[in-house]
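First comes the structure, then the notes that go with it.
FYI, it's all coordinate maths here, none of it is from the lab. Worth saying up front: this structure is predicted, and the values here are computed from it rather than measured. Quick reminder, even Gly has a Cβ in these numbers, built from the backbone with ideal geometry, and neighbours come from all protein chains shown.
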Amino acid sequence: MRVSARVSVVCLAAAAAMGVCVATHGATLYVSKLGDNADGLSWRTAFTTIQAALQAVPDANGGHRVIIRPDTYMEANLYPTFAGAPGAYNVIEGDYDGKYGSGRTGWAVIDSGVPDVVVRTDPHGGGGNPGFVILDSGGPEKGLKSVDWWGPWRCDPEFSADIWDRWEFRRLYATGAEGGMGWDLTCHKGAEFSVLVEDCFGIGRAFGGIVGAFVSRRDEPVVFRRCQLWSLDWWGDASGMYVRAENPAMPDHPDLIMEDCTLVGPQCSLKAGNPGYDGYTRVALKGCRLVTLNFSQPHGTPSDGVIQSVIEGKFLHVDLEACTLMGYKVFGVRKNPETVKDLTYTTRGAVQAYVQYVQETPPGFFRLDYWPADVFAAIIPPPAPDMRPAPRDRQLLRRDLCEIAPVIWQDRLRHMESIRPASGGTKEDYHLRVVDADSGEELARFAEGYSLASAHVAGETFYAFASRFENNNWNDVTLFRSTDLKRWTTRTVIEQDGDEHLFNSSVCDGPDGYVMAYESNDADYPAFTIKFAKSKDLEHWDKVPEALFGTDRYTACPCIRYANGYYYLLYLEHRTPRWFFETYIARSKDLKSWDVAASNPVISPLGVDEGINASDPDLIEIDGKTRLYFAVGDQLSWMNIKTATYDVGLTAFLEIWFQRE
């Protein structure tokens, strides 16, 4: 192993220059699940898939941008119509901090787990890496898709990723498959290739990041900055970052530059080469953290090294500056371990290693004798910024319950609870009860056989609107009316049509009476849809057939309010194809034309105790603050009620979600 502590990491100036090589004359295309998928030229007309935007890149002149609203996109094998151009890189970027006006902050997650697609290794493919085949039946199949060549960015034995040449990738979170952030030139092996990757997350079974089968340009190396790259597996070719250049001799400039990156994997952190290939690769690392998780006992199955050359040591050269490595040992060669002496490297500044106790550290490395807690903590980055209103507290209110309707009745906060089992049961298992919110005292128990209820108070009268559980389904909307919570009058106010069934409902004061939003499974639409009715007296209701919301997707659990000329609707979105549920908000002046807030979701499940669900919203203003009630759980077997309090009144709370529009 040859080492020089005097030689610096080279060509960092070239890497810095890449940060300003994007022309601005190209098209800007937007991606948002809230868009109408028209042309991608604005957030309102945004494409709803990343692939649609990539295919709409208009020409090969470069300088084009694809901007993605933070969300989860279940997509795989993405590719553009055109590569970038010299001096005019194309850009694909998540609107992480909201600076592009998407209305939301956080990660644009590209999850290639896509549960509605069934993928297998191609039984008819040739060679040892045959690729994948999509099956016509089966599924859904949830989880990480660990099949060769299946990943966020398309490349396979017949398709070269050089179509991504001269692209910049920023603020993207790529996961759910074999690789994370990476490209293999495959059938165009040895072509020139340059990309810039900044502030990205890459997680894959095999590689967190990969650049393979390419030749670098001297003034345009492949550059990764401030990236987190994770490999999840030990088996086969696996590493936090994998690189394979096709140089016939060791170049005097780096093929790959990595700055301030974290590389994590159980087999190794950085790997170069592959059996059957004999190209030389040079990598420069500056300010990076390399964590290899296998700290095996000496007689166990230890890693070959934090940094590995697969075939022979001579094919890899690494320049390290101000880096820390953690793992069983620093360097290794998998196929011919004795050639590790031929692996070359340079060090500059504080290059440190924390290794297993019987291992030596190579010259130029400072051996750490303590656990580098700061380095290990760096594998978990800080949370993304959030522009949405933040609740002052978020706490559990009631276990084993799905719906609570808060009202002020007789000057005190009351909760009307919808009591029901998760599924099935008898008529006696369904009823409503009113309790005092502070003392928990039960004030009323009524409406046997009914649930999914909302409440409204007008003067001295308490109104409850509930659906009837019968024949193992939900039917009609029925009014229960009382002035003392003891004697109740009952009438059906909304009847279902044909094979339709009705579920949750919500009532609010309007400018000329009252408005009800109610949930329907009308077969004319693909999922739950919200319909509307109006009333002058809360007892006689007229449907508004032309007023509909969510006819193209799942919209459920409505909560409607009126303020300053707008109807505001909180509702549940099923974030298909994931089994994941969030509460969104939309508004309308006429109940017919609706705007969905770009700042959505209003509330999303957070933490293990909230599962995958934040549903069944309800709102009330107390002492000038807004309290949001919502249900958490798994939408299958359990639900709990939580509350979140916002330090603004109800009208301000409703309007704040639309302030950027």
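The order of PHE47, PHE446, PHE201, going from fewest to most other C-beta atoms within 10 Å of their C-beta, is PHE446, PHE201, PHE47. Between the listed residues VAL114, ALA455, PHE465, the Cα displaced farthest toward the positive end of the dipole of the chain, a dipole computed from Cβ unit charges relative to the Cα centre, is found at VAL114. Counting Lys and Arg as +1 and Asp and Glu as -1 over every other residue whose Cβ lies under 9 Å from the Cβ of ARG170, the net charge comes to -3. Measuring r between the beta carbons of LYS536 and ARG578 and using R0 = 51 Å, the FRET efficiency lands at 0.75. Charge dipole of the stretch 396-656 (Cα centre as origin; +1 on each Lys and Arg Cβ, -1 on each Asp and Glu Cβ, all else neutral): 160 debye, rounded to the nearest 20. Label points 7 Å out from Cα along the Cβ direction at ALA377 and GLU655: separation in nm? According to this spin-label approximation, the distance is 4.2 nm. The charge dipole of the chain, taken about its Cα centre with unit charges on the Cβ atoms of Lys, Arg (+1), Asp and Glu (-1) only, comes to about 1520 debye.
Positive end of the dipole of the stretch 198-344 (Cβ unit charges, origin at the Cα centre): among ASN336, GLY300, GLY287, the Cα lying farthest that way belongs to GLY300. Of ASP400, ASP111, ASP512, the sequence from fewest to most neighbouring Cβ atoms within 10 angstrom is ASP512, ASP400, ASP111. The alpha carbon gyration tensor of the stretch 396-656 gives principal lengths a ≥ b ≥ c with a/c below 1.5, which makes the shape rounded. Residue separation of CYS187 and ALA60 scaled by 0.36 nm, minus their Cα-Cα distance, works out to 43.6 nm of gained length.
Counting only aspartates and glutamates at least 8 places from LYS329 when in the same chain, those with an alpha carbon closer than 12 Å to its own are ASP304, GLU360. In the stretch 640-660, which residues have a backbone nitrogen under 20 Å from the label point lying 7 Å from ASP623's Cα in the Cα-to-Cβ direction? 642-653, by backbone N distance to the label point. Under the criterion of Cα pairs below 8 Å and six or more residues apart, the relative contact order for the chain equals 8 percent. Shown in residue order for the stretch 161-166 are the 3J(HN,Hα) couplings computed by the Karplus curve 6.51 cos²θ - 1.76 cosθ + 1.60 at θ = phi - 60°: 6, 5, 5, 8, 4, 6 Hz (x for Gly and Pro). Ranking of VAL133, VAL608 by neighbouring Cβ atoms within 10 Å, starting from the fewest: VAL608, VAL133. Averaging sequence separations of C-alpha pairs under 8 Å and six or more residues apart, then dividing by the length of the stretch 463-592, give the relative contact order as a whole percent. Computed value for the stretch 463-592: 16 percent relative contact order. Compute the Cα gyration tensor for the stretch 560-630, then decide on rounded, prolate or oblate, letting a ≥ b ≥ c be the square roots of its eigenvalues: rounded whenever a/c is under 1.5, prolate when a/b is larger than b/c in the other cases, and oblate in all that remain. Oblate shape, in that a/c is at least 1.5 and b/c is the bigger or equal ratio. Work out, in µm²/s and without decimals, the Stokes-Einstein translational diffusion coefficient of the chain at 4 °C, 1.567 mPa s, Rh from Kirkwood over C-alpha pairs. Taking Rh from Cα pairs, D becomes 47 µm²/s.
FRET efficiency for the ASN129 to LYS99 pair, using the beta carbon distance and R₀ = 35 Å, is estimated at 0.30.
The mean sequence separation of alpha-carbon pairs under 8 Å and at least six residues apart, normalised by the residue count of the stretch 396-656, gives a relative contact order of 13 percent.
For the residue pairs LYS536/LYS592; LYS33/LYS642; LYS33/LYS99; LYS427/LYS486; LYS189/LYS271; LYS534/LYS592, the C-alpha atoms sit more than 22 angstrom apart in LYS33/LYS642. For ASN504, the residues whose modelled amide H falls within less than 5 Å of its own, excluding neighbours fewer than 5 places apart on the same chain, are GLU519, CYS557.
Centroid-to-centroid, using Cα positions, the stretch 522-576 and the stretch 391-418 are 22 Å apart. A Förster radius of 25 Å combined with the Cβ-Cβ distance from ARG394 to LYS589 puts the calculated FRET efficiency at roughly 0.20. Positive end of the dipole of the stretch 396-656 (Cβ unit charges, origin at the Cα centre): among LEU396, VAL507, GLY565, the Cα lying farthest that way belongs to LEU396. Relative to the compact-globule estimate of 2.2 N^0.38 Å, the Cα radius of gyration of the stretch 284-426 comes out at 1.90.
In this simple spin-label approximation, HIS253 and THR81 carry label points 7 Å from Cα along the Cα→Cβ vector, and these lie 3.2 nm apart. The phi torsions of the stretch 400-409, fed into the Karplus equation with coefficients 6.51, -1.76 and 1.60 and a -60° offset, translate into couplings of 6, 8, 10, 10, 10, 10, x, 9, 9, 9 Hz, rounded to whole numbers, with Gly and Pro shown as x. What the phi angles of the stretch 531-546 give under the Karplus curve with 6.51, -1.76 and 1.60, with θ = phi - 60°, is a coupling list of 10, 9, 9, 10, 8, 9, 9, 6, 10, 10, 10, 10, 5, 10, x, 7 Hz, glycine and proline written as x. Each of ARG44 and ASP634 was given a label point 7 Å from its Cα along the Cα-to-Cβ line. The distance between the two points is 4.3 nm.
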